[in-house]
Amino acid sequence: ISEAYKHGNPVAMLSVQNNDSGDGVSLTQRTANIQSSINACVAAGCTVVLIGAIYANNNSAGAAYFKQWRDEQLALLTGHSGYIEIMDAVADTSTGNIQGQYASDGLHPTTSGYQAIGSSIAAYINS
């Protein structure tokens with residue numbers, strides 16, 4: 001992290017998406033792990049912006065785990081300057097699922113998916 005800062009990258013865009021739900025990691029432990037990453041970035045002199053998760057099915061166990069963590073634990077994190085809910089950029093507004101043109105396999109973003117996510121991040125940065 002400190003090496004990235006030396007090269008003129010004082011902003012760390014930290015993804016809070018991971019596979020913790022499948023690994024049985026508690027919400028509290030997940031929060032502690034993310035807080036440790038934030039602390040390391042801040043100690044290196046970075047401003048931290050948190051980036052949310054992409055999930056294929058709005059009703060899946062993984063989506064439920066992430067949304068529960070976001071709703072109950074996100075506010076407990078300190079040292080970051082904000083949070084970007086990137087799922088909003090690629091979700092079907094009627095189902096909450098990722099739209100097909102943004103993820104051909106239903107989960108991993110396509111080029112247009114990354115462009116939509118990038119636009120969401122750019123809008124946050126420019127606000």
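Nothing in this text is a laboratory measurement; each read-out follows from the coordinates by a stated rule. As the structure is a prediction and not an experimental result, all values here were calculated from the model. Glycine also receives a Cβ, built like all others from the backbone with ideal geometry; neighbour counts cover every protein chain displayed.
Of note:
- Coarse-grained scattering of the chain at q = 0.10, 0.16, 0.20 Å⁻¹, given as base-10 log I(q)/I(0) from a Debye sum over alpha-carbon atoms: -0.33, -0.85, -1.21
- Rg and Dmax, both from the Cα atoms of segment 57-108 and both in Å, are 12.7, 35.
- Farthest positive-ward along segment 26-127 dipole, Cα basis, beta-carbon charges - from A61, S127, H80: H80
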